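Colleague: This is the structure, below, for whatever I ask next.
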Number of protein chains: 2
Amino acid sequence: MTDAPLIRRSPVPPDQCNLWKAFGLIGDRWTLVILRSALYGVRRFDDFQVELEIPRSVLSNRLAGLVELGIMERREYREDGQRARVEYPLTDMGRALSLPFMAMTEWSDHWIGKGTSPLTLRSKTSGQRLRVAMVDEDGKPARKDDIEPVIILPPRRPAKAGKQEK
Amino acid sequence: MTDAPLIRRSPVPPDQCNLWKAFGLIGDRWTLVILRSALYGVRRFDDFQVELEIPRSVLSNRLAGLVELGIMERREYREDGQRARVEYPLTDMGRALSLPFMAMTEWSDHWIGKGTSPLTLRSKTSGQRLRVAMVDEDGKPARKDDIEPVIILPPRRPAKAGKQEK
DNA sequence: CCACTGAGTCCAATTATTGGACTTAGAGTA
DNA sequence: TACTCTAAGTCCAATAATTGGACTCAGTGG
């Protein structure tokens, strides 16, 4: 995903692109902002609803979808003398979204917020500010002009008569 | 954006969150897949339309929106003896999305594609495979358990009578 | 003059979203 | 027991967005 010359078709066609599939699954406004809140630690139906001002029916759909995808889990829990409640914690799959979301946060702070950064990350031990970057196997950051893409597509089968699954 | 305890409200409220705003601007399925193709180098109306199988009217809307946001540019160009054509190249702002998109690509390759990676990046000089990571100011990757969030909100003004802009 | 291509616009049918009212069930209170 | 409250939803009618297809417009080449 680098700067590129004019190209008529993406080297990774949509039906073989995991990024494409991901966008098909979680790439809508409500799902994305639900995940934003979830990564901050919000877990309960009404908390999402109030914070996001999302219609309850839509929230209900989206949470069900995220659970089905394995990004969130629907869990009943009970605090001391309280009755059972439902919470929607992130799974490992969901928590793994923190890196792309952080990268997107940096982009938005720079290009939309004009440099304002309400949320930053820092190292607990050194106190240094952290940022998202491309690194090599030794953990050394790559220079922008030293990056090149490698495309490896599974061999396409000859495509017999009849259409492929879309 | 780290693993977090139960929280009733996000520490960065939606109206002060650049990430939220970004999702409001580019966080829909079609816009995201258009940007995917654009980062691969696709620039022309019909190329997007054929590759994405997107309704022409929607493509038209989305491209206009991306131009207005400053993520793409609408440019007429002319090849040798050809008539003038239109192309939609990414601006710096658009190209800067390659890092978050690459982070998202890695997430999707791992969690959706079960480890398949049609696109990877590598260092031209060392040939090493590159990945997205959090690094400190010296470029040293941070360990997951050494990361902590820092929230800095602009002081809220007292909120006079009448509602804020939503 | 005709056909072709690229870049759109226009429109009717379908689908999704919205905002609000309503439902359900357990816990605490009188 | 009867109320009340809260959390987590469901249901519904009005509005808005999306879809797929046909159509337009201009230059160019034959």
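Quick note: the coordinates plus some simple rules give every number you see, no bench work behind them. Just so you know, these numbers come straight off a predicted model, no measurement behind them. So basically every Cβ, Gly included, is an ideal-geometry build from the backbone, and we count neighbours across all protein chains shown.
Colleague: Considering only residues that are under 24 Å from the mean Cα position of the chain (by Cα) and among the charged types (D, E, K, R), which ones fall in segment B:133-151?
Modeller: Residues satisfying the conditions are B:136, B:137, B:144, B:148.
Colleague: Being touching a Cys at 6+ places or on another chain (Cβ under 8 Å) and more than 12 Å from DNA strand D (Cβ to nearest atom) narrows it down to one of A:98, A:37, A:10, so name that one.
Modeller: After ruling out the rest, the residue left standing is A:10.
Colleague: Run down A:41, A:81 and say which single residue is within 22 Å of the chain's Cα centre (by Cα) and of a type in the set (Gly, Ala, Ser).
Modeller: A:41
Colleague: Could I ask something else about it? Which helices (runs of 4 or more DSSP H) sit wholly inside segment A:1-115 and have at least 1 residues that are among the hydroxyl-bearing types (Ser, Thr, Tyr)?
Modeller: Ranges flagged: A:29-40, A:56-69, A:98-111.
Colleague: Right, another one. Going through segment B:47-57 one residue at a time, which ones are at the interface with chain A (Cβ under 9 Å from one of its Cβ atoms) and within 11 Å of DNA strand C (Cβ to nearest atom)?
Modeller: Those that are at the interface with chain A (Cβ under 9 Å from one of its Cβ atoms) and within 11 Å of DNA strand C (Cβ to nearest atom): B:47, B:50.
Colleague: Identify, by number, the condition in (1) facing chain A (nearest Cβ under 7 Å); (2) more than 16 Å from DNA strand D (Cβ to nearest atom); (3) crowded, with 21+ Cβ neighbours inside 10 Å; (4) within 30 Å of residue A:115 (Cα to Cα) that residue B:93 doesn't meet.
Modeller: Going through the list (1) facing chain A (nearest Cβ under 7 Å); (2) more than 16 Å from DNA strand D (Cβ to nearest atom); (3) crowded, with 21+ Cβ neighbours inside 10 Å; (4) within 30 Å of residue A:115 (Cα to Cα), residue B:93 breaks only (3).
Colleague: Among the residues of segment B:67-90, write down those that are away from DNA strand C (no atom under 11 Å from the Cβ) and either over 17 Å from residue A:6 (Cβ atoms) or at the interface with another protein chain (Cβ under 10 Å from one of its Cβ atoms) (or both).
Modeller: B:68, B:69, B:70, B:71, B:81, B:89, B:90
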